[in-house]
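Here is the structure we will look at, set down as structure tokens.
Every read-out reported here was derived from the displayed coordinates using simple, explicitly stated rules and does not represent laboratory data. The shown structure was predicted, so the numbers you read here are calculated from the model rather than taken from an experiment. Here Cβ is always computed from backbone atoms with ideal geometry, including for glycine, and neighbour counts include all displayed protein chains.
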Amino acid sequence: MYRFYLRAFLLALLAFAVAIWAPVAFAASENSLQIPQLKAGRTRPLIVIAADNQGTETTDLVVPYGIIRSAGVADVLVVSTHAGVVDLMPALKIKPDTTMSEFDQAHPEGADIVIVPAMHDDRSRDVIAWIRQQSSKRAMVVSICEGARLAARAGVFEGKRATTHWYAFDEMRRTFPHAQWVRNQRYVVDGNVMSTTGVTASIPASLALVEAIGGTAKAQSIAARLGVDGWSAAHDATPFRMTTGRLWRFAGNYLAFWNHETIRLPAQDGFDEIALALTADAWSRTFRSQAVVAEKAASIRSRNGLVLVPDFSSDIGASVVEIPILPSALVLDDALSQISERYGSRTSDIVMLQLEYPAKH
């Protein structure tokens, strides 16, 4: 099960004590994003999203893929540690475009931008070595959420400002003291390195990349299509903390196994990969439900080319949750509303906590 789940449950049993936060402030001008000079005579950036076949965070991978591909401003590839299906966590399975070794053979000069999602094995020697290698070839490294663990171990944050998921923040600050860890920013840019807070920060960070590559008008167009107002780095981390009530909700939902259920999400060729990822991610973080895709097709291709592998090839009799036809980012609000109606507001609250998703006022 996803690492965060196990940690949260164990912390509930051990009566976790909340650490005191000390935000670091810096001027907005220090957060400006500039794309590095393109390599090998390219006319637009080659962006790779790293993936560990054994477990890569769903939204961290799919949202940047979908947003940047839909903008049409870069070539985007999912590059995995090995051949075969990539298990996303906490839900879905995909086929990568190529492997790291195959990519290195085809592009010895390296990528222009490397996006690093959170991964199940955040000590993977293969992934860390590959990030370090790409960085040495002048690739910009973008860590999403706890992908910062891999980026930090690759050494790319040395002497740099950086951020990560609220839950990992204090541990990262202790473990990697040579980076300047910044709170209250959804994403932080320092030279050739970019990092984000929790899962849903992948949306504004991806739009910031689109703006840096294709201009503000292009980013505004994609933001409108997603249903978001902008991509500011402003963020208030204060609400994201573990409380006694939240710990009890994690533990209560986890232990009440008789109430657990499978949620089936329909998907057909041309599906909205961002909407599916956000919905699957949310429903699979309730500690009461697991989202799956059950279709007869061996694989299904999204509107922007991501190849999804169904979890099951036949109807498994699970509860079906239809994904509404809405701007992609707004689908998450719908999923949270349905979760609240089905399991209660305290369960939707812990989902938002894990996703580091700011409440709408």
Residue-count net charge about residue 172 - beta-carbon cut-off 10 Å; Lys, Arg +1, Asp, Glu -1: 0
Selected from 176, 271, 257 as most flexible by GNM, with the chain as the system and alpha-carbon contacts under 10 Å: 257
Long-range amide H partners of residue 291 with built H, under 5 Å: 263, 284
Pairs of Cα atoms farther than 21 Å apart, segment 244-355, %: 37 percent
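Apply 1/(1 + (r/R0)^6) to the Cβ-Cβ distance of residue 95 and residue 316, taking R0 = 30 Å, and write down the FRET efficiency to the nearest 0.05. Present the calculation step by step, with values, prior to reporting the outcome.
Working: r = 22 Å, r/R0 = 0.72.
E(calc), rounded to 0.05, equals 0.90.
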Square roots of 5 times each gyration tensor eigenvalue, C-alpha, segment 48-137, largest first, Å: 18, 17, 11
Inter-site label distance for residue 54 and residue 224 at 7 Å from Cα along Cβ, in nm: 4.6 nm
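Would you mind ranking 357, 254, 187 by Cβ crowding within 10 Å, fewest neighbours first?
Values: 357 21, 254 18, 187 27.
Exposure proxy ranking, most exposed first: 254, 357, 187.
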Total charge dipole magnitude, segment 92-188, about the Cα centre, Cβ charges on Lys, Arg, Asp, Glu only, Debye to nearest 20: 380 debye
Length-normalised contact order of the chain in % [C-alpha pairs under 8 Å, at least 6 apart]: 18 percent
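If packing is taken as the average number of other Cβ atoms within 10 Å across a peptide's residues, how do 309-316, 95-102 rank, most packed first?
On the way: 309-316: 13.9, 95-102: 18.1.
Descending packing order for the listed peptides: 95-102, 309-316.
Normalised by the residues of segment 20-226, what does the relative contact order come to in percent, with Cα pairs under 8 Å and at least six apart?
Values: 436 pairs, mean separation 48.4, N = 207.
Over segment 20-226, the number comes to 23 percent.
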Net charge of Cβ neighbours under 12 Å - reference residue 225; Lys, Arg +1; Asp, Glu -1: +1
Members of 218/360; 218/296; 95/160; 93/160; 95/218; 137/296 lying beyond 31 Å, as alpha-carbon distances in this model show: 218/296; 95/160; 93/160; 137/296
Dimensions (Å) - segment 20-226, Cα atoms, principal axes, largest first: 45, 39, 32
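Quick one: net charge around residue 336, please, counting Lys, Arg +1 and Asp, Glu -1 for every other residue with C-beta under 15 Å from its C-beta. If you can, show how the numbers build up before the last one.
Numbers: positive: 249, 285, 288, 342, 346, 360; negative: 281, 333, 334, 341, 349, 356.
Overall, the nearby charge balance is 0.
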Length-normalised contact order for segment 244-355 - Cα pairs under 8 Å, 6+ apart - percent: 30 percent
Histogram of C-alpha separations across the chain, 20 Å bin width, %: 31, 61, 8
Positive dipole terminus of the chain, leading residue within 252, 319, 337 (C-beta point charges): 252
Two-site label geometry, residue 216 and residue 341: point separation in nm, points 7 Å out along Cα→Cβ: 4.0 nm
Size of electric dipole in segment 244-355: Cβ of Lys, Arg +1 and of Asp, Glu -1, about Cα centre, debye, nearest 20: 360 debye
Loop trypsin sites (Lys or Arg not before Pro), segment 119-149 (other Cβ atoms within 10 Å of the site Cβ: 11 or fewer; DSSP): 123
R0 of 25 Å, Cβ-Cβ distance residue 39-residue 129: FRET efficiency to nearest 0.05: 0.80
Three semi-axes of the equivalent ellipsoid, segment 157-233, Cα gyration tensor, whole Å, largest first: 26, 13, 7
Table column - 3J(HN,Hα) (Hz), segment 81-91, Karplus curve with 6.51, -1.76, 1.60, x for Gly and Pro: 5, 9, 5, x, 5, 9, 7, 8, 10, x, 7
